[in-house]
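The values are calculated or read from the model by the stated rules, or taken from the named source; none is laboratory data. Keep in mind it's a predicted model, so treat the numbers as computed, not measured. No Cβ is skipped: glycine too gets one built from the backbone with ideal geometry, and neighbour counts run over all protein chains shown. For the accessible areas, the whole protein counts, side chains as well, though only heavy atoms, and no ligand, DNA or RNA atoms are used. Shrake-Rupley method; radii C 1.70, N 1.55, O 1.52, S 1.80 Å.
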Amino acid sequence: MAFNFDQWVDRSHSDSVKWDKYHDRDVIPLWVADSDFRAPPAVIDALRQRVAHGVFGYSHPSHDLVEVFTRRMVERYGWRIKPEWIIFLPGLVCGLNLCVRAYTAEQEGTLAPSPIYPPFRKAAKFAGRRQLPVPLALVNQRWLLDLPAIEAQLDGKEKLLLLCNPQNPGGTAYRREELLQHHDFARKHGLIVCSDEIHCDLLLEPDVRHIPFATLNEDAAQRSITLMSPSKTFNIAGLGASMAIIPNAALRQRLQRARNGIVPDVDLLALVAAQAAYQHGQPWLDEQLLYLRANRDVVTERINAMPGLRLPPFEASYLAWIDCSELKVDNPHAFFEQAGVGLSPGLDFGNRRFVRLNFGCRRALLNEALDRMAQACASLPP
C-alpha cells in the first residue's frame, strides 16, 4: 500500500471529541463517526500551502471546487448538476436542520427512518416539529424502509421525508427499485425529500453502486435536496464543508432564506481541503476502501462468533450496527463500556438493544476492542 492505514496516530492530545470522551479511562473509543486515519497527503499539502499564504480573509467556493465537484457527479453517477443548484454549508447536520425549518411549518410533520443517525431526530425536536418514525425491517439480511407500515398513520400534514442513503446505521446502499419505491411514496403524499448521502463514497462491496435519489427521474429531482460532503470520505469532518444540491429553484430559495443571517459561510480552509480531496484524493480513497473492507470482514466474523450478538451483512460506511437483543444484559452500551470499549448507544438511534461500532481505525486497535467485547460476552452466564 502507498498509504499506511496501520499507522498509529495519537489523537489523545488533539482536542478530539472521540478520544477525549474517555481520556481518563481505559476505554477504546469506537463511537462517533470520524476515522482515525490521517487525511490524504494531498489535502494536508494543500492546507499547508494555504496557511503559508498568511492571509485568512473572507472566502467563497472557487470555480475549481465547483468544477471538480460537478465533474465528479457526472463521472460517478451520470448526474449533470448545474453550479447554481449547489448551496455550500459548514456541515451536513445544519443542512438537516435547515431542511426541517425551511420545508415544514409548526403544525406540519416530518418522516424519518428508525433507527437513524441521531441528528435526524434532533432536527425535528429542535424545530418543534412532529416526526413519524418509519421502521427499518431486516429483509434478506438488508435493512430496508417499511413505508407501508406507517401509511395508515399519515394525516396529510407531513411535508418532508428524510432519507439516509447509504443508511446510517445499518449500512444499506439502496438499489434503484428500492429508491423508486421511496419516490412513489413521496409523490403519492406530496412530500419533499431530503436525502443524506454523506456515506456515498464509502461502499464496501465492489459491485454495489450509489444512486443519488435525485437521479431517479425529473419528478424526484424537483422534490429533492441532496446532502453530500467529503468529510467522512476523506476524514476531514472537523473542517466542515458540505453541499446541498437542489435542482428546484423555489426549494433552493426557501433553504437559502432559512440559512440567511444564521448559518455562516464555509471556512476557507474547509474549502481548500474539499477541493484537494476531490481533485487528488482518489488513490487514497481506493486504498482506504480496501482497508475498510478487510476491517468490515473482521468485525462481521468476530461479532457473529460472540454469544448474544448478531451483525447482518452490510454494504457501506465504517459503522457496524450490532444487534444485542439476545445479550443477557439490560444496557448493552454500558456493558461494553465497562468492558473497555466505547460504542454508540443504540438508544440514540431509536433502539436500545443495539450498539454501533466505528471500525474506521487501525486493525490492531480494532482487534483489541473485539477481544475485550468477546471476553465480556463470554463472561455472561449461558
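Only residues that are in contact (Cβ under 8 Å) with a residue 24 or more places away in the chain, within 16 Å of A369 (Cα to Cα) and not in a loop (DSSP other than H, G, I, E, B) were counted in region 312-337, giving 7.
Taken together, V193, V208 contain a single residue that is over 13 Å from the mean Cα position of the chain (by Cα), among the β-branched types (V, I, T) and assigned to a loop (DSSP other than H, G, I, E, B), which is V208. Only one of these conditions is not met by A112: (1) open to solvent by 20 Å² or more (accessible area, probe 1.4 Å); (2) within 17 Å of the chain's Cα centre (by Cα). Which number is it? Answer for A112: the failing condition is (1).
When K21 is tested against (1) in the same structural domain as P264 (by the TED database); (2) within 25 Å of the chain's Cα centre (by Cα); (3) surrounded by 11 or more Cβ atoms within 10 Å (Cβ to Cβ), exactly one condition is not met: (1). Identify all residues within region 296-311 that are out of contact with any helix residue (DSSP H, G or I) (no Cβ under 6 Å at 6 or more places or on another chain) and open to solvent by less than 10 Å² (accessible area, probe 1.4 Å); write none if there are none. Across region 296-311, the qualifying residues are V299, I303. If you check H199, H183 for being crowded, with 16+ Cβ neighbours inside 10 Å, under 20 Å from L357 (Cα atoms) and outside the structural domain of L289 (by the TED database), only one passes: H199.
Listed here are the residues, each with its yes/no results for (1) in a helix (DSSP H, G or I); (2) out of contact with any strand residue (DSSP E or B) (no Cβ under 6 Å at 6 or more places or on another chain); (3) farther than 30 Å from G346 by Cβ.
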position: D24; (1), (2), (3): no, yes, no
position: A39; (1), (2), (3): no, yes, no
position: R48; (1), (2), (3): yes, yes, yes
position: Y58; (1), (2), (3): no, yes, yes
position: P61; (1), (2), (3): no, no, yes
position: R80; (1), (2), (3): no, yes, yes
position: I87; (1), (2), (3): no, no, yes
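Does R176 count as in the same structural domain as Q107 (by the TED database), open to solvent by 60 Å² or more (accessible area, probe 1.4 Å), touching a residue at least 40 places away in the same chain (Cβ under 8 Å) and not polar (S, T, N, Q)? Taking the combined requirement at face value, the residue satisfies it.
Here is a check on your reading of the model: is P119 open to solvent by less than 30 Å² (accessible area, probe 1.4 Å), farther than 18 Å from A220 by Cβ, part of a loop (DSSP other than H, G, I, E, B) and not assigned by the TED database to the domain that holds G350? Spelling it out, it is not the case that P119 is open to solvent by less than 30 Å² (accessible area, probe 1.4 Å), farther than 18 Å from A220 by Cβ, part of a loop (DSSP other than H, G, I, E, B) and not assigned by the TED database to the domain that holds G350. Scan region 298-348 for residues that are within 23 Å of the chain's Cα centre (by Cα) and at positive phi and the total you get is 1. Within region 27-35, one or more residues are touching a residue at least 40 places away in the same chain (Cβ under 8 Å), over 20 Å from H199 (Cα atoms), open to solvent by less than 20 Å² (accessible area, probe 1.4 Å) and part of a loop (DSSP other than H, G, I, E, B).
Checked against the criteria, G171 counts as open to solvent by less than 40 Å² (accessible area, probe 1.4 Å) and on the phi > 0 side of the Ramachandran plot.
Within region 278-297, residues that are part of a helix (DSSP H, G or I) have Cβ atoms under 9 Å from residues that are among the small types (G, A, S) and open to solvent by 70 Å² or more (accessible area, probe 1.4 Å) in these pairs: P283/A2; W284/A2; E287/A2, counting only partners at least 6 apart in sequence or on another chain. Here the condition is being more than 27 Å from L89 (Cβ to Cβ) and of a type in the set (V, I, T); of V139, V134, V193, it holds for V139 alone.
Being touching a Lys or Arg at 6+ places or on another chain (Cβ under 7 Å), under 29 Å from A123 (Cα atoms) and surrounded by fewer than 20 Cβ atoms within 10 Å (Cβ to Cβ) is a property that holds for S325.
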